[in-house]
Amino acid sequence: MKSAFVRLTLILFGISLLISCEKDKKTTSNEGDGKDRAVLLTRYADSLVNPAYLDFKTEFDNMKNSANAFIADPDIIKLQNLQESWENAYLNWQGTELFDFGPAEVNTLRNFFNIYPADVTGILNNISNTSANLEVPASYPQQGFPALDYLLNGVGSTDTAIVQFYKDPVDGAKRQAYLIRIIDRMDLLFTSVQNEWLGAFRDDFISKTGLDISSSTSKMVNGLVLHYERYIRSGKIGIPSGILNGGIAAPEKSESYYRKGLSKSLLLKAHNAYYDFFTGTSFNGKQAGTSLQTYLDALGAKDNASGKLLSNIIIEQMDLIKQKIVALNPDIAAQISNDPSSTNDLYNAMQTLVRLLKVDMTSAMSITITYTDNDGD
Amino acid sequence: MMAIKRYLNKNSSIAPLAFFRICFGLLLFISICRFWSRGWIESLYIDPKFHFTFYGFDFIQPLGNYSYILFLICALSALMVALGMYFRISSSLLFLSFTYIELMDKTYYLNHYYFISLISFLLIFTPANRAYSIDSLRNKSIQTTQIPRWYIDAFKLMLGILYFYAGLAKVNSDWLLNAMPLKIWLPAKNDLPIIGPLFNFEITAYIFSWLGCVYDLSIPFLLLNKRTRPFAYIAVVVFHLLTGLLFPIGMFPAIMTVAALVFFSENFHHKILDFIFKKLPQFKPEFNSLYIPKNRRITLWMFACFFIIQLAFPFRYLAYPGELFWTEEGYRFSWRVMLMEKAGYAQFKVKDSSGHITVIDNREFLTPQQEKMMATQADMILQFAHYLKQQFEQKGNSQVEIYVDSYVSLNGRLGKTFVKPDFDLTKVDESFQHKNWIQPFNEDIKGF
């Protein structure tokens, strides 16, 4: 009885070796290549995150200088300079907002930079109350780029009226002060995040090569998945289109609501930055390299039915989404009001991508979408 | 018949049982302390708004802040079991409190918790406190050196069932032919020192899969046989060290490694106990005596029924159509351990009587871990849908319909729709019937 059992297991084991050797031949000789997460993390830190932060800082400083010039002597030309540099910085931000892991996550940078729609009542209150607390969650939509959108584009119907808003003999000085207060605050928050990346955090990030919940890869992927689901799909399309609220459209909840015609560019920038992150396209020089894509390929993640690589399925879906974004009206609020079918269609395509990222990609990488530490079996 | 009778009349030293009791109680005590110190009582049982109860055990709910008392009772009874103190009461309390904890929320269901419940249940009916215990020190009249052998064999059988059934569950095409899910899980550990680089090779996943299967199927027999036992035990140690290193399975490796000692001889146990109680000789039984259970027949029949159920229960999945790994109907309580890499996504839509649809943000009601477990398990999806219905009805919406947009990936397959998207989940109640609203898997995973 037992010897038969032993013989059977030996035979089964032999078969397994044969099968696995057979499979082994098909794969490349160095299976360790591409699965080294230290290489992956180094690339993300040095070729994507840090250069993007550096570039954002330049654009941000331009905006800050324009703002200081504007309040020194408000006029239309300086306002338009400021509006333009705000637009550039906001576009640039879309390429950094996705780094919601590490210092940016710890400092909840996004909450202070891009929670919309702007809270106009809150902003007006804060202008008169110079000691208003800007740390609490209720203050998120009273600061950052959305608040600047209102302050630079929404406080008057023409640029002349906007300049007047800041030249008001009674409240002008307070309004200028709030404008500068929130820009300085953004500068402070961002600089501390950037300094951490330039300092000890980078090495720490690269050294945590595991896949447990405290590891860099796990935090990075969790942050990325959440970013697409909540801040691109829901924030930019799902909520303003009303898809997430019984179909009741709320175009006023779209990004850059006051600066008409910018929201599509912001969305496209955010989506393209995501694409580049997935494919590991370096910030400078746009060279492809070690990335989530190559990591998934090294793991052999594919659809068994069609034999297609999972990374290709993800990239195709991102391409499809890009086409749908490009076809939108430059102003997403206008698109939602005029023809919601295109945004609904885009939402569905994004939903498909979210599933691929959140379920297929994380599962293939053995990353659990969970933030609690607990035993499993 | 005669052979059975003869077997039932065989006796054995009480030493293996007493030692088992001491180790089991201590390890459980440590487990509960570990659980407590990590803040899990709060984060798993007090913080969540909603709990996934077991069908038929819906009255078993976390007790809010009193949950701490429950854990305290469990920890103290485990310690008292180890000491052999008020044994009948402490072992009963241990079984009841531990099982209550286990049943509070199926999100945290683990086979090894179930194993602990079963072992503590069996312990209640044994004379494990009649030597090397406080009870036997205080009441010398209960001191025992010999007990019927089947008391000890019951624990061997339980361990054997666990291993063998776990091995049987591995005899399937995903595990053996595709090395799934190890092919996914092992590369995640490729940054471990020394052995890490091995996990970059696919063949490692195949070797581990096959060895794991062979280990589980054969280890009970190799432990039973005197000649193979030392080698088998080395295998036990290596196996559990490795799984403990690779997977987040907490105390399970320690418990199994220690529990397997029950297979060793009387002599072995005498030596260990002599060593432990060198300074405390008063705990050793003073004279030789044989314990004969008062209600021997009832106990024997109960043990027999217990094991018949244990042997049959894991096969209940055969009563359900569809792929077991996909539907998970009859999956729990069957020693199916670490067989699946399953991930899912479930987005609920609540449609009220006016036709207004609300898309649910699961995070409003569930913790990330609850959401994760719910997204791949049909009974939990249904339970959550009914909870949502209740929530909406409390807000004055009558006649809501609830649909789920779900997507599940299993063992590296590309994800697909899990629950029929046009099925109104309020239309059906939980039952042991097949859930025909689960989308068919349309693939065949062959084997057990």
Could you work out, for the protein assembly as shown, what percent of all Cα-Cα pairs fall into each 10 Å distance bin, beginning at 0 Å and stopping at the bin that holds the largest distance?
2, 11, 19, 21, 18, 13, 8, 5, 2, 1, 0
With a cut-off of 15 Å, note down the residues of the range A:187-203 whose backbone N falls inside the zone around a label point 7 Å from the Cα of residue A:42 toward its beta carbon.
A:202-203
Under a 5 Å amide H to amide H cut-off, with H placed in plane at 1.01 Å, what residues pair with residue B:12 once short-range neighbours are removed?
B:147, B:149
Label point distance in nm, residue B:55-residue A:133, each placed 7 Å from Cα along Cα→Cβ
4.9
Among A:280, A:226, A:250, whose Cα lies farthest out toward the positive end of the dipole of the range A:210-368, if unit charges sit on the beta carbon of Lys, Arg (+1) and Asp, Glu (-1)?
A:250
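Computed FRET efficiency, Cβ-Cβ of residue A:326 and residue A:252, R0 35 Å: what is it to the nearest 0.05? Intermediate values should be presented prior to the final figure.
On the way: r = 24 Å, r/R0 = 0.69.
Computed FRET efficiency for residue A:326 and residue A:252: 0.90.
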Could you work out, for the range A:210-368, what percent of all Cα-Cα pairs fall into each 10 Å distance bin, beginning at 0 Å and stopping at the bin that holds the largest distance?
11, 38, 31, 17, 3
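Full-extension gain between residue B:431 and residue B:393, please, as 0.36 nm times their residue separation minus the C-alpha to C-alpha distance. Don't skip to the end; give the middle numbers.
Working: separation 38, 0.36 × 38 = 13.68 nm, distance 2.26 nm.
Additional length available on full extension: 11.4 nm.
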Residue-averaged 222 nm ellipticity for chain A, from DSSP H runs of 4+ at -39500 (n - 2.57), nearest 500:
-18500 deg cm²/dmol
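Computed FRET efficiency, Cβ-Cβ of residue A:180 and residue A:339, R0 45 Å: what is it to the nearest 0.05? Intermediate values should be presented prior to the final figure.
Values: r = 40 Å, r/R0 = 0.89.
It comes to 0.65.
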Angle, helix A:216-226 long axis vs. longest principal axis of chain A, Cα atoms, 0 to 90°, nearest 10?
60
What does the average come to when, for each residue of peptide B:179-190, you count the partner chain Cβ atoms lying within 10 Å of its Cβ?
5
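What 222 nm value per residue comes from the helices of chain B, counting each DSSP H run with n ≥ 4 as -39,500 (n - 2.57) and dividing by all residues, nearest 500 deg cm²/dmol?
Working: 17 runs with 220 residues, N = 448.
Counting only the DSSP helices, I get -15500 deg cm²/dmol.
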Among the lysines, select those whose C-alpha is under 24 Å from the C-alpha of residue A:174, and discard any that sit fewer than 8 residues away in the same chain.
A:64, A:78
From the mean inverse distance of alpha carbon pairs (Kirkwood) and the Cα radius of gyration, derive Rg over Rh for the range A:168-246.
1.19
Cut-off 20 Å, label 7 Å out along Cα→Cβ of residue A:111, residues of the range A:231-273 by amide N:
A:231-232, A:234-236
What lysines could a cross-link reach from residue B:389, if we take a straight Cα to Cα line under 17 Å and drop same-chain neighbours fewer than 8 places away?
B:49, B:349, B:351, B:427
Counting all C-alpha pairs of the range B:259-333, share separated by more than 17 Å (%)
72
Just want to confirm a number: the relative contact order over the range A:34-208, from Cα pairs under 8 angstrom separated by 6+ residues, in percent.
29
Degrees between helix A:50-72 axis and first principal axis of chain A (Cα, 0 to 90, nearest 10)
10
Output the Kirkwood hydrodynamic radius of chain A, Cα pairs only, in Å rounded to one decimal.
22.9
Semi-axes of the range B:341-427's equivalent ellipsoid from the Cα gyration tensor, sqrt of 5 times each eigenvalue, largest first, rounded to whole Å?
24, 13, 10
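Please compare each pair in A:236/A:264; A:35/A:302; A:57/A:236; B:170/B:372 to a cut-off of 18 Å on the Cα-Cα distance and tell me which ones are over it. Please report the intermediate quantities before stating the final value.
Details: A:236/A:264 9 Å; A:35/A:302 16 Å; A:57/A:236 24 Å; B:170/B:372 24 Å.
Pairs exceeding 18 Å: A:57/A:236; B:170/B:372.
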Residue B:300-residue A:195 pseudo-label distance in nm [points 7 Å out on the Cα-to-Cβ vector]
8.0
Taking chain B as the reference, fit the longest principal axis to its C-alpha atoms, fit the long axis of helix B:202-224 to the helix C-alpha atoms, and give the angle between the two in degrees, 0 to 90, nearest 10.
40
Candidates B:400, B:262, B:236: whichever shows maximal mean-square fluctuation once chain B is modelled as a Gaussian network with Cα springs under 10 Å
B:400
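Quick one: in chain B, what % of C-alpha pairs are over 26 Å apart?
Working: 62613 of 100128 pairs.
The answer is 63 percent, as a whole percent.
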Please give the charge dipole size of the range A:210-368, origin at the Cα centre, charges +1 on K and R Cβ atoms and -1 on D and E Cβ atoms. Round to the nearest 20 debye.
280
Which lysines, on any chain, are close to residue B:279 with Cα under 28 Å apart, when same-chain ones fewer than 8 places away are left out?
B:140, B:271
Going by average Cβ density within 10 Å per residue, which order do the peptides A:353-360, B:197-204, B:362-369 take, highest to lowest?
A:353-360, B:197-204, B:362-369
Quick note, the range B:205-317: a/c under 1.5 would make it rounded; otherwise a/b > b/c is prolate and the rest oblate (a ≥ b ≥ c, C-alpha gyration tensor); here it is oblate
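Values quoted throughout were computed directly from the atomic coordinates according to the rules given, and no laboratory measurement underlies them. Just so it is clear, the structure is predicted and the values come from calculations on it, not from any experiment. Methodologically, a virtual Cβ is constructed for each residue, glycine included, from the backbone with ideal geometry; neighbour enumeration extends over all protein chains shown.
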